[in-house]
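Down below is the structure, laid out as structure tokens.
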Amino acid sequence: MTQTPPVKMRGAFLPGSSKTELREVTVPTPGHGEVLLRMKASTICGSDIRCIYREHLGKGPEGYQGVIAGHEPCGQIVQAGPGCRRFKEGDRVVVYHISGCGVCNDCRRGYMISCTSPVYRRAYGWQRDGGMADYLLAEEKDLIALPDELTYLDGAQVACGFGTAYEGLEKIGVCGNDAVLITGLGPVGLAVAMLSRAMGAQKIIGIDVLDVRMKLAVDLGLCDAVLSAGADNVQQVRDLTNGYGVERAVDCSANSAARATAIRATRPWGKIVFLGEGGSVSFNPSEDLLHGQKTLYGSWVSTTWRMEELVERLVRWNIHPEKLVTHRFGLDEVDKAYALMASGNCGKVAVCFDEELK
Ligand SMILES: NC(=O)c1ccc[n+]([C@@H]2O[C@H](COP(=O)([O-])OP(=O)(O)OC[C@H]3O[C@@H](n4cnc5c(N)ncnc54)[C@H](O)[C@@H]3O)[C@@H](O)[C@H]2O)c1
Ligand SMILES: [Zn+2]
Ligand SMILES: [Zn+2]
């Protein structure tokens, strides 16, 4: 059921000192082509911690402009502004978290993430208000319909993490023939594992430094083997794959040593995709890549059409991103939510509203 929005609401801001600030702000009114969402689930991404929460490190597209935080929003439309063409009050929607100009080459491909307009490209939770509030103003063109079979918590993770994981796997192509190595078992790495499994991968190997995350990957049945990060990882992965190495590797750690492991532990003709952001990597192009005929991809979030495809496939595969959520908080406890995600002693951390706050 839809509801009339109040005049004021709470919104969480990140001042950049490992703190959160809950402020009272005015509930926006949707203009032409815009909708107002009642927030239902808003999950925290590793990028929020790396670029905003601890310190405002991000530049350009990762620059935080003092807006309401949260770039994984999912909710229900309570008001649709004039000129909306598809979505209406009552619809359950995921917000593709970057609003682009809509008319540059990247936007026309559906990759609003890499929109080239310096004026119109604004990401929710970075340069325009995001999901850590009672209500969110969104543009209709940024919305993905959430199928009835999926929960709002499933949908929130599609907005960045699962969308990113799915895009990376579609670029390298994963199927039942492949052993998959995942370096970094944070929410993105766990999403890669869940989707790889659904795509048919029979042997999934994960590497992390945190016991909590390695245990979660095994307990949820997402990894068949987990390794503690270390100098022997390449040999250990080969030992687990008849001496060859994996067909596919995905870095979700952004750690330089782990990235090199992902490249080196991939067998000849294999494919690697980097999803982890920031940092650097050092490897020997001839020995580690060229002579093994390997392909290295970079991948940044996803497209609107692939997110539509992803939610459809999540239903077909009967898998739920919500399974990765280990902790739910109300907006009044948003400080605890960010502090926990920053500690790493968790799976996915969510701020929830209404029926999602069980
Ligand atoms: N490419 C994109 O479009 C995109 C989108 C979203 C997030 N990201 C990035 O993806 C990464 C993962 O996101 P997340 O939300 O899971 O964040 P996260 O920080 O929770 O996950 C990173 C994981 O890597 C692990 N790690 C650290 N050092 C390691 C090492 N040496 N070996 C193996 N693992 C190691 C950490 O313990 C942690 O579990 C982050 O860098 C994030 O900024 C990229
Ligand atoms: Zn993100
Ligand atoms: Zn654009």
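The values are calculated or read from the model by the stated rules, or taken from the named source; none is laboratory data. Computed from a prediction, not measured in an experiment: that's the story for all the values here. Here the Cβ is made from the backbone with ideal geometry for all residues, glycine too, and neighbour counts use every protein chain on show.
What the table below lists for this structure:
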| item | result |
| --- | --- |
| Members of the range 325-358 that are under 16 Å from residue 73 (Cα atoms) and in a helix (DSSP H, G or I) | 331, 334, 337, 338, 354, 355, 356 |
| Test: residue in the range 290-304 that is of a type in the set (Val, Ile, Thr), over 18 Å from the mean Cα position of the chain (by Cα), farther than 23 Å from residue 254 by Cβ and more than 16 Å from ligand 3 (Cβ to nearest atom) | no |
| Qualifying residues in the range 92-146 (those that are acidic (Asp, Glu) and in a loop (DSSP other than H, G, I, E, B)) - the one nearest to ligand 1 (Cβ to nearest atom) | 129 |
| Residue within the range 258-271 that is more than 23 Å from the chain's Cα centre (by Cα) and surrounded by fewer than 13 Cβ atoms within 10 Å (Cβ to Cβ) present | yes |
| Number of the condition not met by residue 50 [criteria: (1) modelled with pLDDT under 95; (2) in a loop (DSSP other than H, G, I, E, B)] | (2) |
| Flag for residue 21 being at pLDDT 95 or above and either surrounded by fewer than 14 Cβ atoms within 10 Å (Cβ to Cβ) or farther than 20 Å from residue 123 by Cβ (or both) | yes |
| Set 35, 78: member being crowded, with 21+ Cβ neighbours inside 10 Å and assigned to a strand (DSSP E or B) | 35 |
| Residues of the range 191-214 satisfying the condition of being buried (at least 20 other Cβ atoms within 10 Å of the Cβ), more than 9 Å from ligand 1 (Cβ to nearest atom) and not in a helix (DSSP H, G or I) | 201, 204, 205 |
| Close pairs from the range 155-173: first within 18 Å of residue 201 (Cβ to Cβ), partner away from ligand 1 (no atom under 13 Å from the Cβ) and part of a helix (DSSP H, G or I), Cβ under 6 Å, at least 6 apart | 165/195; 166/195; 166/310; 169/195 |
| Residue among 91, 106 that alone is away from ligand 2 (no atom under 16 Å from the Cβ) and closer than 17 Å to residue 156 by Cβ | 91 |
| Within the range 294-321, tally of residues that are more than 16 Å from ligand 1 (Cβ to nearest atom) and assigned to a helix (DSSP H, G or I) | 10 |
| Answer residue from the range 147-171, given it is of a type in the set (Val, Ile, Thr) and assigned to a helix (DSSP H, G or I) and is surrounded by the most Cβ atoms within 10 Å (Cβ to Cβ) among those | 158 |
| Residue ID - farthest from ligand 2 (Cβ to nearest atom), chosen from residues in the range 122-135 that are surrounded by 22 or more Cβ atoms within 10 Å (Cβ to Cβ) and closer than 17 Å to residue 160 by Cα | 129 |
| Scan of the range 253-300 for residues that are at positive phi and touching a Gly at 6+ places or on another chain (Cβ under 8 Å), ordered by number | 254, 269 |
| When residues of the range 55-101 are limited to those that are small (Gly, Ala, Ser) and over 22 Å from the mean Cα position of the chain (by Cα), the one farthest from ligand 3 (Cβ to nearest atom) | 90 |
| Unique residue being touching a Lys or Arg at 6+ places or on another chain (Cβ under 8 Å), more than 15 Å from ligand 2 (Cβ to nearest atom) and small (Gly, Ala, Ser) when the list is 138, 179 | 179 |
